[in-house]
C-alpha cells in the first residue's frame, strides 16, 4: 500500500435567502446560471460578482435570472451546496467506496484534490473556506449555510472512519481527526491559491501524506 501521494498531475446586497427546491431545478437555463454563478463566486468572490456579471457570463437575460432565482442570496446558497456536493462529498464517496483502508482512501482523495489545484492553475482554493473568510458575520444566513456544509463534511468523514468494515486505526478520536483533516486541507488550499507555486504545493500535499502515515496505523 502506498503511503505517499502521487503528485503527478493527471447589485449584490441581498444575500439572505436560503436554497429552495423548485420544479425547474434541472432546466438548462437555470443550470447554466447556477454553474456560472458558482465559478464566479468561487474564483473572484461573492461581493465582487454582480447579477449582471452572472447573466452576461451565462449569456442569459436578467429576466431569466429572476424567473429561476429570487435574489443573489438564493443563488449564492445554491452555489455553495452545488460546490460541496460535487467537489467534496461526491469525491469523498468515490474514494471511500473504492478503498476500504482509511489511509488509502484519504491518500487518493488528497491526490484528487492536488490534481484539481494543478488543473485550475492553483486558483480558487476552497469555495467554502473563501466564503467563510469573505462573509464572516456580515450575513448570518450565508454564514449558517457554510457552517452547515462544513459540519456535513465533518460528519461524513466521521461516518467513514467509524464504519466497521474499514481497516486502519486512527490514533486519535475520529471526530477530532476529521476536523484536523479538514483544517489542514483548508490551509493547504489557501496556501496554493496564495502562492501559486507548483513545488510548494507539491511539498505541502506530501506533508499531508506524512500526517496520514503518522496518524493512521495499518
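The values are calculated or read from the model by the stated rules, or taken from the named source; none is laboratory data. Please read these numbers as outputs of a predicted model, since none were measured by experiment. For neighbour counting, all protein chains shown are included, and Cβ atoms are generated from backbone atoms with ideal geometry for every residue, glycine included.
Quick notes on this one:
- Check on residue 96, under 30 Å from residue 217 (Cα atoms) and buried (at least 19 other Cβ atoms within 10 Å of the Cβ): yes
- Number of residues in the range 103-148 that are in a loop (DSSP other than H, G, I, E, B), within 17 Å of residue 203 (Cα to Cα) and touching a helix residue (DSSP H, G or I) at 6+ places or on another chain (Cβ under 7 Å) equals 2.
Matching residues to (1) at pLDDT 95 or above; (2) more than 21 Å from residue 123 (Cα to Cα); (3) in contact with a strand residue (DSSP E or B) (Cβ under 7 Å, 6 or more places away or on another chain):
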site	(1), (2), (3)
149	yes, yes, no
170	yes, yes, yes
173	yes, yes, no
178	yes, yes, no
189	no, no, no
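Quick grid of which residues meet (1) part of a helix (DSSP H, G or I); (2) modelled with pLDDT of 95 or more:
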{"residue": "12", "(1), (2)": "no, no"}
{"residue": "42", "(1), (2)": "yes, yes"}
{"residue": "52", "(1), (2)": "yes, yes"}
{"residue": "57", "(1), (2)": "yes, yes"}
{"residue": "70", "(1), (2)": "no, yes"}
{"residue": "81", "(1), (2)": "yes, yes"}
{"residue": "86", "(1), (2)": "yes, yes"}
{"residue": "90", "(1), (2)": "yes, yes"}
{"residue": "95", "(1), (2)": "yes, yes"}
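- Candidate set: the range 162-181, residues that are under 12 Å from residue 212 (Cβ atoms) and within 21 Å of the chain's Cα centre (by Cα); chosen: the one surrounded by the fewest Cβ atoms within 10 Å (Cβ to Cβ): 180
- Evaluated against (1) at pLDDT below 95; (2) out of contact with any strand residue (DSSP E or B) (no Cβ under 9 Å at 6 or more places or on another chain); (3) within 15 Å of residue 104 (Cβ to Cβ), residue 218 falls short on exactly one condition, (2).
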